[in-house]
There are 2 protein chains.
Amino acid sequence: MSMSADWLRDNCGCPECRDPHSGQKLFQIHELPADLAVAERTEADGILEILWSDGHRSRYPSAWLTAGAEPDDRTEQAKRLWQAADFAHGLPEADWQAYRDDPQERAAVLAAVQRSGFALLRGVPTADRQVLAVARSFGYVRETNYGELFDVRVEPDPTNLAFTSTAIAPHTDNPYRDPVPTVQLLHCLENAAVGGDSGLVDGFRAAALLRAEAPADFAVLTRIPVPFVFRDRGTELRAERPLIETDGLGRIRGVRFNNRSTGTLRLPAADLDAFYAAYRRFAAITLRPALQLTFRLAPGDCLVFDNVRLLHARTAFAQDGRRHLQGCYADLDALGSTLAVLRRRAAALDALEEMFEGEGAAEYLGEDVSMAEHMLQAGALAEAEGAPPHLVAAALLHDIGHFGGSGTELMRGRDNRHGPAGADVLARWFGPEVTGPVRLHVAAKRYLCAVEPDYLAGLSEASAYTLGVQGGPMDDAEAAAFAARPGAADAVAVRRWDDRAKTAGAPTPPFGHFRPLLAALMAGTAGGATM
Amino acid sequence: MSMSADWLRDNCGCPECRDPHSGQKLFQIHELPADLAVAERTEADGILEILWSDGHRSRYPSAWLTAGAEPDDRTEQAKRLWQAADFAHGLPEADWQAYRDDPQERAAVLAAVQRSGFALLRGVPTADRQVLAVARSFGYVRETNYGELFDVRVEPDPTNLAFTSTAIAPHTDNPYRDPVPTVQLLHCLENAAVGGDSGLVDGFRAAALLRAEAPADFAVLTRIPVPFVFRDRGTELRAERPLIETDGLGRIRGVRFNNRSTGTLRLPAADLDAFYAAYRRFAAITLRPALQLTFRLAPGDCLVFDNVRLLHARTAFAQDGRRHLQGCYADLDALGSTLAVLRRRAAALDALEEMFEGEGAAEYLGEDVSMAEHMLQAGALAEAEGAPPHLVAAALLHDIGHFGGSGTELMRGRDNRHGPAGADVLARWFGPEVTGPVRLHVAAKRYLCAVEPDYLAGLSEASAYTLGVQGGPMDDAEAAAFAARPGAADAVAVRRWDDRAKTAGAPTPPFGHFRPLLAALMAGTAGGATM
């Protein structure tokens, strides 16, 4: 396999090269020797090890070496380009309550915005400023000259056509901003007017059609910067960007289309002719009926859409008809992050579930229950006693450090430090209110042995055996220091459930029972955390 | 002159084509006939008039036709590329108080950020969250995963190297965001550490040097999208953008440079070699001592800089030294708008001053004072009586509708409606609290004639003459309706100063005396407005 030496070294994952906490690179590219070369390479057990000419050693999993490129979520590569008929059986939509309460539903909505460019939330409370809560459910509100939010209804002396009852052709918003807001939300509070329907057009699809039908026109629209302008008493915005943005590899990654705000191009006449011919052709494509998805927003609907891809439109409506939308802007990067984190959390829960069902069926260090039974019993005991969610989770997951084969090391007389190890794994997903008691549950055993005369006698045989490996009972100074730690009480509580969770054959709920609680803790939306 | 017909028509400024309120275009490009052509063209008195093949008529000032392109403020075209020696005599800086109080100082600071990429505010109160007030003085705070603001100081368990005492090489922030925040602010609250100095490098200059020295490397860095990644427990951001962004005309318009967050490129080996060679060369340029501007932030300093152009750095500092910065992000578009509006307001005040000094010296409709003397007297009378700023301004500017030659029309027996005309001109700059009394000051005369028996007798001869042209005294119904208008009292107050401001030879302050008051009213920062 031939590969770039600089590339390989730049991706070294050792703790000298990458901060273990943040994952950030610790060296600068210029710090690598100009004549960097591979001195020795060995490949074994799925690991490529390189000794570099400067003496540094790097290790790369073979699977990592051969991995393909991740698709760029922001280009056409990762999108589902559509026309209206693709939604003949319904729009991507969800109920607000389900979206709020169910991470899977939330992920589906955000994935629709990322893939198809839009999603519709139904049943969003028709309250003033509620649209901001929708935006904050996945990202950050982008304030503009229109304020934190804007009201779309008829205004007496409008500075923008959006605030009249006129029909508005498909367009993107705020083209005169740079950076342009990449997400728009429109929340319908009232729509009793005749007319005022909503339309959406996939601008990426329109651009892809232009590229297929008239490549030279496509090239013109990706090349020529168009000035977009907006001005009122307190604002004077101007941005020069092409109508179609492509990346360096030629992939479509943005559309900016708004005839109302197009300023004056100043180019040689031949370029103007080329631009206007291409602009006319592109405009005509955006108006093809096959591309126009039309629907009507009802009170409580909130449309969330990609403002650098989708063109939105509205039909004219009767001036005296009551129609009131509230809108705001946000950005795709935060939306994508929220979606990635939701997926990562779902994958983590899947992995935990798999552990419970796979490895977890193994013997639990000489006890009469399996590891999974032990932990499920501990979680169920905590739950039955009305413990707050973070302690139910800590009880359920306290022995996760035994997984991955290290549990057997403990039984061979070497402390695998399964409390800290488990806490470190869990810290990728849970806060200190969960990881703290997991980290300290072995220390809590040593503490209880010191302060409660009967405690040691009540331990199971196996647990009494491992106590020695783990350092034995604490002395008075250790016990006093432990008791003074902020998380001591939680750790002791988890320890007591741990000790009782060794009943052979006791029925427990399956792991899936705890998923919503774990998901809420991961998201920081579970109540009752005290640390 | 040869010019594109589509372009010309697309720029028609008639009220059918452009909304007179918003200046937005009212037609779509596809609505123009495909075979649009010029049927007739005539050019006279500096106006080109076109009769189009579809019967539409357009008029274009010749000066507009031949105007050049406005520079794009966001590309290298509008920038002053620099190296450290260019600031040997000092940094672009201003005192916070002067920045806050003086529009000219504020414009100078914002212009420095736009042109040179940075400016330093001194004496910003070292209060928690004050950095947000600085950002809001020219734009909107961009919230990120770090919060509305972030604290840069040593953290116990950092997810980002910024929060350690390590040295950090020149970089741009948040490269894993798209859109990336385009402005960064760093406000120094405390800096007693040994080390921890700040550095800036002009990334556009570095990119321009790369283009000059190694055009092929420059091309590679503008073409290849680089993945930037950031992940912590609640965040998973990824953006793929080139290190150097150019527009369709090849002009540099952005730099994104951050080795810490650079992810794994997946490209054919030849492309990787080309990329790494170019990346090394560019990195070496950014580190040239001649490019490194180094200085030390003192408590109260707030650095404002362009995060898509400037690379910032800091030297290492002693872990136990107290160093605390607060930072936040904002965007260049709002900054540019604020600057443009400040300049537009300054130009408007210049134009008013010129009117007072030029045309204003002309005879005032048969009175013994010039127009300028009359208006300055009215403004001075209002000020002497302690009137709120908006009424001083209204008194000063009430007859502005006479300017531009229309005053003489009134004397020829045709009402030039100088109240409404003046109000319309002023509405570009002032709110209704100023324009309202201007609009109504003639109506107030007709009202006072109706309700105060002695009022008519006190009018000057000329004013009594014009009363007839203006409609004569109001009848009872008109007077009652007028008195019920919300701005009636203000209009009457202005009217009374107007009537008294006709004293030949009375000394007045010059127009310049009123500029700060007018500037504050334009900015909406003057107290005392009541409407």
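Brief remarks on what is shown
- Per principal axis, descending, Cα span of segment B:463-531 in whole Å: 40, 34, 15
- For segment B:180-188, 3J(HN,Hα) per residue [Karplus equation, 6.51 cos²θ - 1.76 cosθ + 1.60, θ = phi - 60°, Hz, x = Gly/Pro]: 6, x, 9, 10, 10, 10, 10, 10, 8
- When the convex hull of its Cα atoms is projected in every direction, mean area for the protein assembly as shown (nm²): 52.2
- Unpaired Cys in chain A, meaning no second Cys C-beta under 4.7 Å: A:14, A:188, A:302, A:328, A:449.
- Taking θ as phi - 60° and the Karplus parameters 6.51, -1.76 and 1.60, the scalar couplings of segment B:393-398 work out to 5, 4, 5, 4, 10, 4 Hz in sequence order, x denoting glycine and proline.
- Chain A: C-alpha pair distances exceeding 44 Å, %: 38
- Charge dipole (the protein assembly as shown, unit charges on Cβ, about Cα centre) - positive-most of B:53, B:518, B:146: B:53
- Using equal-weight Cα scatterers in the Debye expression, the normalised intensity of segment A:102-199 in log10 at q = 0.14, 0.22, 0.23 Å⁻¹ is -0.64, -1.59, -1.67.
- Over segment A:127-248, equivalent-ellipsoid semi-axes from the Cα gyration tensor in Å: 28, 18, 17
- Rounded to the nearest 20 debye, the dipole size of segment B:250-381 about its Cα centre is 1980 debye, using +1 on the Cβ of Lys and Arg and -1 on the Cβ of Asp and Glu.
- Centre-to-centre, using Cα atoms only, segment B:79-132 and segment A:159-228 are separated by 37 Å.
- Distances between copies of residue A:509, taken at a point 7 Å out from Cα along the Cα→Cβ vector and listed shortest first: 7.5 nm.
- Ranked from shortest, the separations from the 7 Å Cα-to-Cβ label point of residue B:464 to its equivalents in the other copies are 12.1 nm.
- Taking the three principal axes of the alpha carbon atoms in segment B:38-138, the coordinate ranges are 66, 32, 23 Å, sorted in descending order.
- All Cα pairs of segment A:358-523, percent lying beyond 19 Å: 52
- Qualifying lysines (Cα of each under 22 Å from Cα of residue B:502; at least 8 residues distant if same chain): B:445
- Look at the alpha carbon pairs under 8 Å that are at least 6 residues apart: their mean separation over the length of chain A gives a relative contact order of 15 percent.
- Threshold 50 Å², segment B:324-342 residues less accessible with all protein chains present than alone (1.4 Å probe): B:333, B:337
- Averaging 1/r over each pair of different alpha-carbon atoms in segment A:5-65 and inverting the result gives 12.1 Å, the Kirkwood hydrodynamic radius.
- Distances, shortest first, from the label point of residue B:290 to those at the same position in the other copies read 5.9 nm; the point lies 7 Å along Cα to C-beta.
- Quotient of C-alpha Rg and 2.2 N^0.38 Å, computed over segment B:76-337: 0.98
- In segment B:248-271, the residues that give up 20 Å² or more of accessible area when the other protein chains are added, compared with the chain on its own (1.4 Å probe), are B:248, B:249, B:253, B:259, B:260, B:262, B:264, B:266, B:269.
- Nearest to the axis that brings chain A onto chain B is this chain A residue, judged by its Cβ, with the distance in whole Å: A:179, 2.
- For residue A:254, distant residues with modelled amide H under 5 Å away: A:245
- Taking the charge dipole of the protein assembly as shown about its Cα centre, with +1 at Lys and Arg Cβ atoms and -1 at Asp and Glu Cβ atoms, the residue from B:249, B:434, A:348 reaching farthest to the positive side is B:249.
The values are calculated or read from the model by the stated rules, or taken from the named source; none is laboratory data. As the structure is a prediction and not an experimental result, all values here were calculated from the model. Cβ coordinates were reconstructed from backbone atoms using ideal geometry, including for glycine residues, and neighbour counts include every protein chain displayed. Side chains included, ligands, DNA and RNA excluded: accessible areas come from the protein's heavy atoms. Shrake-Rupley method; radii C 1.70, N 1.55, O 1.52, S 1.80 Å.
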